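Some notes on the structure that comes next.
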Amino acid sequence: MPSSTVWLMTDVGELTEDRGFKALFSAYPRETVEVFAAELLAERGLPSRVEVLAQESALPDLGDPSRFLDVALLASWPDGQQVVITLIEHWSEARKVDLRRVLWYAADLALRHPQAAVFPVVLVIDPSPRDVPGRLEMRVAGRVTVLLDAQVTRITAGDVPRLRALQNRVAATLAVLAAQDAVEALVDFVQDMARSPGPLDDLERFLPFAMKLARMHESDAPRFRRRLEETGMVNVITEMKNEAKAEGKAEGKAEGQINEIRRLVAKGRLTVDAARAEIRELVEGGMISQDLAAKTLGQLG
């Protein structure tokens, strides 16, 4: 098998959906908020900061094990608007959705972060038509004593155009949940991941998870590889990886040269003026950036 296609052969057997979503949402918190809290961002604009909060939620009874919520993301805005915690609870089966558990996590987050409002999201990936209510209401003596109104998110074919238009990696991954054809959905995933901001390695990192969400069978692998070759994505990705490796080697070589210049100056074997001239040549030759040059020149005095 050509080396350029080795990365396509991957095992999804050990990967759980919970682990996959937690890794994805934690790697791209801002993009996650953009996907799930579109109305909030339409009202307030993009947050200046999004922080991943601790997942453990301690129970009152110390004899019980702690629970782990799926993902909680605290977003803040530069003008001091109220911060919002987007709580995302993932459920593989619609029949198992437990709003009381979601209520517990929302209340726990509100207690730990009294300055924030909690926005609960229930992500259901079960393709069954079973209805999933997002509202939990408790009434006592004609009064509403508890009310939880969570956003229930289920990805359908109608969501795909918006998700792909966002051009972010969380959206690209979620879009495969609506796959009618797993292979074509995964080709779109690879293309969208390559176009979206983020480390190149994450394409390979999250591909097995996307395969699992798309329910791709092992027998589909040859057609998947062929479609990527037809679209030119295998070559594009290989070129990107080679460029990244070349850039890494060039940076390493440049850093070595900078360190050698510093060493020679420190030992008095090279004057500061000569060192400055060497650094200017490295900049003109494209070996180092202007920022690195400025930093090094500042250290030389």
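The values are calculated or read from the model by the stated rules, or taken from the named source; none is laboratory data. Note that this is a predicted model, so its numbers are computed, not measured. Quick reminder, even Gly has a Cβ in these numbers, built from the backbone with ideal geometry, and neighbours come from all protein chains shown. Only protein heavy atoms, including side chains, enter the accessible area calculation; ligands, DNA and RNA are left aside. Shrake-Rupley method; radii C 1.70, N 1.55, O 1.52, S 1.80 Å.
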Open item on the list: For the range 166-184, give me each residue that is assigned to a helix (DSSP H, G or I), in contact (Cβ under 8 Å) with a residue 24 or more places away in the chain and either buried (at least 21 other Cβ atoms within 10 Å of the Cβ) or not small (Gly, Ala, Ser) (or both).
Closed with: LEU166, ARG169, VAL170, ALA171, ALA172, THR173, LEU174, VAL176, LEU177, VAL183, GLU184
Open item on the list: Pairs needed: first member in the range 74-98, on the phi < 0 side of the Ramachandran plot; second member anywhere, of a type in the set (S, T, N, Q) and in a strand (DSSP E or B); C-beta distance under 6 Å; at least 6 residues apart or different chains.
Closed with: VAL83/SER76
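Condition check ((1) within 30 Å of ILE125 (Cα to Cα); (2) of a type in the set (Lys, Arg); (3) at pLDDT below 85) across all residues:
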residue	(1), (2), (3)
GLU204	yes, no, yes
LEU207	yes, no, no
ALA214	yes, no, no
GLU251	no, no, yes
GLY256	no, no, yes
VAL265	no, no, yes
ARG276	no, yes, yes
Open item on the list: Out of everything in the range 134-165 that is part of a loop (DSSP other than H, G, I, E, B) and open to solvent by less than 80 Å² (accessible area, probe 1.4 Å), what residue ends up being nearest to GLU39 (Cα to Cα)?
Closed with: ALA150
Open item on the list: I'm trying to understand the selection: among the residues of the range 113-130, which are touching a residue at least 12 places away in the same chain (Cβ under 8 Å), open to solvent by 30 Å² or more (accessible area, probe 1.4 Å) and either more than 20 Å from ASP18 (Cα to Cα) or in contact with a strand residue (DSSP E or B) (Cβ under 8 Å, 6 or more places away or on another chain) (or both)?
Closed with: HIS113, GLN115, ALA117, VAL118, PHE119, ASP126, ARG130
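Any chance you could count how many residues in the range 88-111 are touching a helix residue (DSSP H, G or I) at 6+ places or on another chain (Cβ under 8 Å) and assigned to a loop (DSSP other than H, G, I, E, B)?
First, pick out the residues of the range 88-111 that are touching a helix residue (DSSP H, G or I) at 6+ places or on another chain (Cβ under 8 Å): 88-90, 92.
Then keep just the ones that are assigned to a loop (DSSP other than H, G, I, E, B); that gives 92.
Matching residues across the range 88-111 total 1.
Across the range 139-169, what is the number of residues that are charged (D, E, K, R), more than 20 Å from TRP91 (Cβ to Cβ) and in contact with a Leu (Cβ under 9 Å, 6 or more places away or on another chain)?
Selection size over the range 139-169: 1.
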- [ ] Identify the single condition in (1) more than 20 Å from GLU43 (Cα to Cα); (2) part of a strand (DSSP E or B); (3) not β-branched (Val, Ile, Thr) that PRO114 does not satisfy, given that it satisfies every other one.
- [x] (2)
TODO: Please identify the pairs in which a residue from the range 11-36 that is within 19 Å of MET216 (Cα to Cα) and basic (Lys, Arg) has its Cβ atom under 9 Å from the Cβ atom of a residue that is surrounded by 19 or more Cβ atoms within 10 Å (Cβ to Cβ) and at pLDDT 85 or above, counting only partners at least 6 apart or on another chain.
DONE: ARG19/PHE209
